[in-house]
Amino acid sequence: MSQVESPPHLDMDRLIDDRRTRVIVCCGSGGVGKTTTAAAIGLRAAERGRHVVVLTVDPARRLAQSMGLSRLDNTPRPVPFQEREQPGDDEPQGSLHAMMLDMKRTFDEIVEAHADPDRAAQILANPFYQSLSSGFSGTQEYMAMEKLGQLRRADEWDLIVVDTPPSRSALDFLDAPQRLGRFLDGRLIKLLVVPAKVGGRAYLKVLNAGFGMVTGVLTRVLGTQVLTDVQTFVSALDTMFGGFRERADYTYQLLRAPGTAFLVIAAPEPDALREASYFVERLGQEGMPLAGLILNRVHRSPAARLSAARSLGAAETLQAADGQAEGGSGGSANGSAHALTIAALRLHAERMQQSAAEHRVSEHFVAAHPHVPVAEVPAQPDDVHDLAGLRAVGDSFFAG
Amino acid sequence: MVWAEVQYGLRDIGDYWCVNADSLHGVSTRDTDWDGVRLHVVTGKGGTGKTTVAGALALALASGGKRVLLMEVEGRQGIAQVFDRPPLPYEERKIAVAPAGPTQPGGDVYALVADPESALIEYLEMFYNLRHAGKALNRFGVMDFATTIAPGLRDVLLTGKAAEAVRRKRHGKLVYDAVVMDAPPTGRIGRFLNVSSEVSGLARVGPIRNHADTVRKVMHSPETAVHFVTFLEEMPVQEVLDGVAELRELDGGPIQVGGIMINMVRPTELSPSQLRAAETGSIDEHEIAIGLKTAGIDDSLRLAADLAAELTEHAVAAAGQEMQRQRLAEPGQPRYDLPLIADGMDLGGLYRLAAALRDQGAA
C-alpha cells in the first residue's frame, strides 16, 4: 500500500477500556475535527461503561450541537444516550456529561477562592480584570487547564476528555501554564507591584538602571490612569499569585502523570500534519504521554482496485464511442449513452487522486514518526449533527 | 526603513478622512464589489484555507498595476508557505507579481509577517523616539505581560499595524492601494478587531486611548471589510453565519462584512436527475456495468456496484453542500466560488484562484 512502512495501529478501544486512562487530551490545529472527535470518544467510552465528562473550550457550540443539547455551560450537563443493544452485554452502565468552558466564570471562581471577600470584590470590579477575564485571547488556555485540574480533583468522573482551544497553534495549550509561571516570575510584575507597596522605594533602588526608564516609558505610553488601574489590579492579584503558580504547576504535572493520554488530531492535509508533527515532537520533549494520531476525513474508495489513470482512460474511451454514435458531434456527457458510467468513472478518478494526495501527505508524517500509532477516520459524506452521527464516527475509528 | 517617511501620528487622525480622494487615484474603469475597501480582513474557520485565499485575494487586487500588502498576524509563516518562500522576517518585502493583462500592467504583492514585539518597538520609536526603551520593555517582560495578562495589547498592536499600513503615505500618496490581512479564525475575529474598542474602554484618556481610537476608526470605516472563507460544510458555514452576526452587532459598532469565499468547490459530473437517483441509492448499476464492459474493464458487475456506492456518497454530499450554499445566502453578502485545485495547491493554483476572484468581481 505504501513505500513507507505502515505505522502501528492505534487501538482506541483499548485506550478507553483501560481504567487507568483518566484524562484524554485532544489536540491539533483548528478545523481538523477535534471537537467532534472528543465528543465521539466520550460517547463511545460512556457506552462501554466509563463515567465520562467531555470538556470543550470551543465557543462555536459545536459540541452542544452534535450532542443534541441547545447549549453547554460551565457545569457538566448529563447527555442522555441510549444504551446499545448488545447480545450478552453485561457491561456496567456508563454515563456521559458535557460542558463548555466559561472562561470568565472560571477566572472569577479562582479569584473568589484565593482572596478574602473584600479583595476579591476589589479585583472583580477592576476594569482591567473584567476585560482580561472575559475578552482576550490567551486567557482561555489557562482557564481550560484550570478547569481540567478542577474536574480531575473533583474525582466525580473516571474519564475526562478535553478538547483544546482553537488557538493559532496546538502548542499554545501546552505552553499556557508555563507562560503563566514565567510571567509571575517576571521583573515587570515586581516593577508594577513595587510602587503600590509600603517600602517600595527602598526596593526600587535595588533594581537596575533600566527600571526608571521603563517606569517613565510606561507612564508616558500608557498614561497615568491606565498604569494606576494596572497597578491596582496586579497588586490586588499579588496575594493570590502563589495560588496561581501552584495550580499551574499542578496542571502541568497532571498532564505528565500516568493516566493522561494525548491524542493528536489531524486531517490529511499538509498544514494540519505539520502542526501534528510539531506537537508530537513537543510532547516527546516534555515527557508527556502520546497515545497516537487520529487522522480524520481520510478519503477511501470501495473500488480502489481501479486506478485513477485507468478510470480516466475508460471515461475517454466511452466518450469517444458516444461521440461517434452521435455522428461525431461530441456533445455533453449527459446526453450520451454512457453518460452515467462516464460520470461515475470521472468521480472515481477524482477520489483516487485525492486519496493518493492524502496518502502522500500522511506518509511524510509516518516517515518522521514511525512509532506513533495511527487510527484513520474515513470522511463522512454527511455532517455530524446528532448522537447517531457521533456514534458512527466512533464506530469508524474504533473499528480502524 | 521607510518609517522616517511614514506619516503616522496622532496629528493625522483629523486629516485621515480627507485622504480618501487620494486613494481613488489608481481605480481602473473596472467595477468590483469592493471598490473603496482598502483593508481586506480575511477570516474563516481554521483549516478552510484562509491564508491561501488571502494570498489569492492579494494577487487579484494587485493586478492592474496596484501595490498590495499581504499581512499575517499569527506568526505561523503561512504566507511563506503559500508563496513557496523561506520564512519571512518582520519587514515588508515583495513576494509576488500579479500578471499583466492585455491592456493592464501587472502589480506587486508585498508581504509582512507582523509580530507584536516588533510592532511595539516600532510604535514606541515612531511615536516617542523610544527605540531603546522598547528593548528595555522587552527585557522587563512587557511582551510576556502582553501575551499573558493583557493579550489585548497584542491584538491592538497587530490591528494597529494594519491600520498604519492602510493609512501610510509617502510624498503625499498612499503607499498601498490595499492591505489584505490574513486574520485569526472566525471564533476570535470579533474580539480581535474590536480590541481597540476594548482598550478604549480600559484606557479612558492618554496616548494608548488615542492610538486605540485611531485603529478603531479604521476598523469600523467603510474602507474595511471582513471576508469569510468557508467550505460547504455545516460547521464552517455555521461559523460564517455566527461571525457575520457578531460583526454586525459588535459593542463598538458594526464592522463591514465583506464577501463569502467558498473554497474548494468541486464541479459535479452528474445531471440533476442523476444526482437525485444517486442520492436515493437508485442508480442503475447495470447501466454502469455495460459502460465498464464497453470500455474493456473486467469485473464490471462488482465494480459497477462499488462505483454506484461512490456516486451515492457523492450525491449525499452534494445535497448537503447545496443546503449549505442556501444557508450562506442568508446574510445577503456576495459569494464567490473558488475551485478545488485537485492536483495539490501550489503557486500556479494560487494564480488560478486569483483569476477566479477577479472573474467574479471580488477584486
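The values are calculated or read from the model by the stated rules, or taken from the named source; none is laboratory data. None of the values given here were measured: they were computed from a predicted structure. Cβ: placed from backbone, ideal geometry, glycine included. Neighbour counts: every protein chain shown.
Hey, among B:VAL257, B:VAL265, B:VAL244, B:VAL229, which residue is hydrophobic (A, V, I, L, M, F, W, C) and crowded, with 24+ Cβ neighbours inside 10 Å? Outline the logic, then answer.
Details: B:VAL257 fails: crowded, with 24+ Cβ neighbours inside 10 Å; B:VAL265 fails: crowded, with 24+ Cβ neighbours inside 10 Å; B:VAL244 fails: crowded, with 24+ Cβ neighbours inside 10 Å.
Exactly one residue qualifies, and that residue is B:VAL229.
Please count how many residues of the range A:351-381 are in contact with a strand residue (DSSP E or B) (Cβ under 7 Å, 6 or more places away or on another chain) and of a type in the set (S, T, N, Q).
1
Select from the range B:268-288 the residues that are at the interface with chain A (Cβ under 8 Å from one of its Cβ atoms) and either crowded, with 20+ Cβ neighbours inside 10 Å or hydrophobic (A, V, I, L, M, F, W, C) (or both) and write down the one among them that is nearest to A:LEU306 (Cα to Cα). Don't jump to the end; show me each part of the working.
Initially, the range B:268-288 is screened for residues at the interface with chain A (Cβ under 8 Å from one of its Cβ atoms), giving B:269-271, B:274, B:283-284, B:287-288.
Remaining after also requiring either crowded, with 20+ Cβ neighbours inside 10 Å or hydrophobic (A, V, I, L, M, F, W, C) (or both): B:269-270, B:274, B:283, B:288.
Values: B:GLU269: 18, B:LEU270: 20, B:GLN274: 22, B:ILE283: 19, B:ILE288: 14 Å.
So the residue we want is B:ILE288.
Could you list, in sequence order, the residues of the range B:251-298 that are small (Gly, Ala, Ser) and outside any helix (DSSP H, G or I)? Break it down into steps so the answer makes sense when it comes.
Going residue by residue through the range B:251-298, those that are small (Gly, Ala, Ser) are B:252-253, B:258-259, B:271, B:273, B:277-278, B:281-282, B:289, B:291, B:295-296.
Answer for the range B:251-298, where residues must be small (Gly, Ala, Ser) and outside any helix (DSSP H, G or I): B:GLY252, B:GLY253, B:GLY258, B:GLY259, B:SER271, B:GLY281, B:SER282, B:ALA295, B:GLY296.
Residue under question is A:ALA344, and the condition is that it be touching a residue at least 12 places away in the same chain (Cβ under 8 Å), closer than 29 Å to B:ALA304 by Cα and in contact with a helix residue (DSSP H, G or I) (Cβ under 8 Å, 6 or more places away or on another chain); does it hold? Give the derivation first.
Working: touching a residue at least 12 places away in the same chain (Cβ under 8 Å): no; closer than 29 Å to B:ALA304 by Cα: yes; in contact with a helix residue (DSSP H, G or I) (Cβ under 8 Å, 6 or more places away or on another chain): yes.
No: the conditions fail for A:ALA344.
Quick one: would you say A:SER311 is in a helix (DSSP H, G or I), of a type in the set (Gly, Ala, Ser) and surrounded by fewer than 20 Cβ atoms within 10 Å (Cβ to Cβ)?
Numbers: in a helix (DSSP H, G or I): yes; of a type in the set (Gly, Ala, Ser): yes; surrounded by fewer than 20 Cβ atoms within 10 Å (Cβ to Cβ): no.
Taking the combined requirement at face value, the residue does not satisfy it.
From B:GLY258, B:GLY291, B:GLY190, grab the single residue that is closer than 30 Å to A:THR164 by Cα and within 13 Å of another protein chain (Cβ to nearest Cβ). Walk me through it before giving the result.
On the way: B:GLY258 fails: within 13 Å of another protein chain (Cβ to nearest Cβ); B:GLY291 fails: closer than 30 Å to A:THR164 by Cα.
Just a single option satisfies the conditions, and that option is B:GLY190.
Quick check, is B:GLU223 of a type in the set (Asp, Glu) and at pLDDT 95 or above?
Working: of a type in the set (Asp, Glu): yes; at pLDDT 95 or above: yes.
Yes; evaluated as a whole, the condition is true for this residue.
Out of the residues in the range B:114-130 that are outside any helix (DSSP H, G or I) and modelled with pLDDT under 80, which is farthest from the other protein chains (Cβ to nearest Cβ)? I'd like the intermediate steps shown before the answer.
First pass over the range B:114-130, keeping only residues outside any helix (DSSP H, G or I): B:114-115, B:129-130.
Filter again for modelled with pLDDT under 80, leaving B:129-130.
Values: B:ASN129: 11, B:LEU130: 6 Å.
For the range B:114-130, the residue satisfying everything is B:ASN129.
Picking from A:SER362, A:SER311, A:SER301, A:SER336, which residue would you name as being closer than 30 Å to A:ARG14 by Cβ and without any contact (Cβ under 8 Å) to a residue 60 or more places away in the chain? It would help to see each step written out before you state the result.
Working: A:SER362 fails: without any contact (Cβ under 8 Å) to a residue 60 or more places away in the chain; A:SER311 fails: closer than 30 Å to A:ARG14 by Cβ; A:SER336 fails: closer than 30 Å to A:ARG14 by Cβ.
Sole residue among the options that is closer than 30 Å to A:ARG14 by Cβ and without any contact (Cβ under 8 Å) to a residue 60 or more places away in the chain: A:SER301.
If I go through the range B:313-341 residue by residue, how many of them are farther than 13 Å from B:ASN263 by Cβ, in a loop (DSSP other than H, G, I, E, B) and touching a helix residue (DSSP H, G or I) at 6+ places or on another chain (Cβ under 8 Å)?
Number satisfying all stated conditions: 3.
Can you confirm whether the range A:346-368 contains a residue that is more than 23 Å from B:ALA289 (Cβ to Cβ), acidic (Asp, Glu), outside any helix (DSSP H, G or I) and modelled with pLDDT under 95?
no
B:ALA315 passes all but one of (1) more than 30 Å from the chain's Cα centre (by Cα); (2) over 21 Å from B:ALA342 (Cβ atoms); (3) at the interface with chain A (Cβ under 10 Å from one of its Cβ atoms); (4) small (Gly, Ala, Ser); which number fails?
(2)
When the range B:323-340 is examined, which residues are found to be touching a residue at least 40 places away in the same chain (Cβ under 8 Å) and over 17 Å from the mean Cα position of the chain (by Cα)?
Here is the first cut: in the range B:323-340, the residues touching a residue at least 40 places away in the same chain (Cβ under 8 Å) are B:324-325, B:327-328, B:330-331, B:333-340.
Result: B:GLN324, B:ARG325, B:ARG327, B:LEU328, B:GLU330, B:PRO331, B:LEU340.
Kindly evaluate A:PRO268 against the criterion of being surrounded by fewer than 17 Cβ atoms within 10 Å (Cβ to Cβ) and either closer than 30 Å to A:ILE24 by Cβ or modelled with pLDDT of 80 or more (or both). Step through it out loud before you land on a result.
Details: surrounded by fewer than 17 Cβ atoms within 10 Å (Cβ to Cβ): no; either closer than 30 Å to A:ILE24 by Cβ or modelled with pLDDT of 80 or more (or both): yes.
No; evaluated as a whole, the condition is false for this residue.
Can you name the residue in the range A:381-400 that is touching a residue at least 40 places away in the same chain (Cβ under 8 Å) and within 14 Å of chain B (Cβ to nearest Cβ) and, of all such residues, is surrounded by the fewest Cβ atoms within 10 Å (Cβ to Cβ)?
So, considering only residues that are touching a residue at least 40 places away in the same chain (Cβ under 8 Å) and within 14 Å of chain B (Cβ to nearest Cβ), the one surrounded by the fewest Cβ atoms within 10 Å (Cβ to Cβ) is A:ASP386.
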